[in-house]
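Below is one structure, written out as structure tokens, with a few remarks after it.
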Amino acid sequence: MMTQYRLIAALLFGLSCASAVLAADAQPISVENPYARAVPPTARNSGAFMLIRNNSDQDRKVVSAKSDVSEITELHNHIHDNGVMRMRRVDAIDVPAHGSVELKPGSYHVMLINLKQPLKPQDPVHIDLTLDDGSTVPVDLQAHQVGMGMSTPAAMEKKGGAMKCGGGMK
């Protein structure tokens with residue numbers, strides 16, 4: 001009789017763990033391939049890039065970002081202005097229902113302004129993305145050397161080395 005209770009308890013525990021894992025995978029907003037650009041020692045700013053996926057039935061907007069590595073963190077986009085590419089702060093980044101938006105160089109990105117210290121390759125960076133519904137998506141990433149033939153994490157994914165950011169919404 002006692003063995004049956006232990007078996008039932010073990011099965012219930014296993015089911016609760018499995019449902020927690022499945023719930024984490026089914027988060028309304030998920031982030032893939034996040035990275036920040038490593039910068040030279042004299043640089044005061046950097047950018048963070050990622051794929052933001054909306055798994056829900058509702059359109060969402062990223063309305064702000066906050067990071068522990070910079071004094072100011074803003075949402076930015078590049079625009080073409082009379083043949084000149086200019087970077088501009090934006091109020092929000094739309095993430096359509098059952099769609100995604102890619103934050104990448106030359107497009108939308110998280111701007112890290114007045115770095116507390118230069119970002120070196122492999123330095124950890126934490127960013128909290130705030131959505132229009134008030135929820136927060138924590139993103140933990142690393143700085144990567146980009147340029148001069150180096151692959152970005154997104155390019156590595158295309159070669160089969162995907163990186164996913166687990167954290168769910170708060």
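Brief remarks on what is shown
- Cα-based shape type of the stretch 28-162, given that a ≥ b ≥ c are square roots of the gyration tensor eigenvalues and the cut on a/c is 1.5: rounded
- With the simple spin-label model, which puts each label point 7 Å out from Cα in the Cβ direction, the R88 to Q58 separation comes to 2.8 nm.
- Dipole magnitude of the stretch 28-162 about its Cα centre (Cβ charges: Lys, Arg +1; Asp, Glu -1), debye to nearest 20: 540 debye
- Ranked K66, K116, criterion: other C-beta atoms within 10 Å, fewest first: K116, K66
- Order of M87, M111, M50 - criterion: other Cβ atoms within 10 Å of each residue's Cβ, fewest first: M87, M111, M50
- Extending 7 Å from the Cα toward the beta-carbon at both A97 and N45 defines two label points whose distance is 3.6 nm.
Every read-out reported here was derived from the displayed coordinates using simple, explicitly stated rules and does not represent laboratory data. Note that the coordinates shown come from a computational prediction; the quantities given were computed from them, not determined experimentally. All Cβ positions, even for glycine, are placed from backbone atoms using ideal geometry, and neighbour counts span all protein chains on display.
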